[in-house]
Each structure stands twice: as structure tokens, then as C-alpha cells.
Amino acid sequence: MKVTFLPSGKQIEVKAGVTLLQASRLAGISIPTRCGGKAGCMMCKVEVPGGEGCHLSKPGRAERNKLGAWVDQGTRLACQATVQGSVTVQVPEDKLKAAIRKQLERQAEEDNLW
């Protein structure tokens, strides 16, 4: 089964039952976590677009308790959701990288004004 991570577009082949967090590590994608994969910190939230959620395990009690209504909107905990079929997931951009990217974009806009 293929897991595609956005925005990088990196893909990896994994067996059924592998968590998205495990797949991300195998693919070299950084998804932060503090709880060691026990659904305790909510740092590993990912978005599953459209109908792709059916390619993941159903949310368990711990994941539902943590995410609440977000589960129904396509948010999953990478440490809990296991791959059941090929799936694409959106990994949130690291906050520091996002800040640097925005600063570089502003600088490029300023440079174009001159």
C-alpha cells in the first residue's frame, strides 16, 4: 500500500497495519510527537483529504476522545491511524519553517519592488 505525504509529495510502500507515524518516519517525513505514540499529546495531527479516510483504520476511543469532532472533518492522529489501503495525508507545515518561508516570501516581494 502506498502512503503519499503532502505537501512534499513523498511516497512510501508499507504493509497494512503500519501507523501513519511509522510510515512518515520510514519516508523521512517529520511529524512531531511527545507522547511516544500513545494519543496523549495531539502533536501528530494530520489531515486526510476527501474520502481517503476509508483507507485508514477506524478511529479508536483514545483518538476520538482527543480529537472530538475533528475526526469527522478528516483530522487523524498519525500515531493511531493505521494504513488499510493507499492513502494521501496532509502533514502540517512545521511552525518554524512556515515562519521562515513567510519571511523569505516578504523579502522577495520587497526585492521585486526595487
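So here's what we get for this one:
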read-out: 0 to 90° range, to nearest 10: angle between helix 95-113 axis and the chain longest Cα axis; value: 30 degrees
read-out: Carbon/sulfur fraction of accessible area - region 17-114, other protein chains in place, 1.4 Å, %; value: 53 percent
read-out: Cα-centre dipole for region 1-113 with unit charges at Cβ (Lys and Arg positive, Asp and Glu negative), debye to 20; value: 640 debye
read-out: Distribution of pairwise C-alpha distances over region 1-80, 10 Å bins, in %; value: 19, 56, 26, 0
read-out: Probe 1.4 Å, accessible area per residue of the chain, Å²; value: 64 Å²
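The values are calculated or read from the model by the stated rules, or taken from the named source; none is laboratory data. These numbers were taken from a predicted model, which means no experiment stands behind them. Positions of Cβ are generated from backbone atoms using ideal geometry, with glycine treated the same way; all protein chains shown enter the neighbour counts. Areas reflect the complete protein model, heavy atoms only, side chains present, ligands, DNA and RNA absent. Shrake-Rupley method; radii C 1.70, N 1.55, O 1.52, S 1.80 Å.
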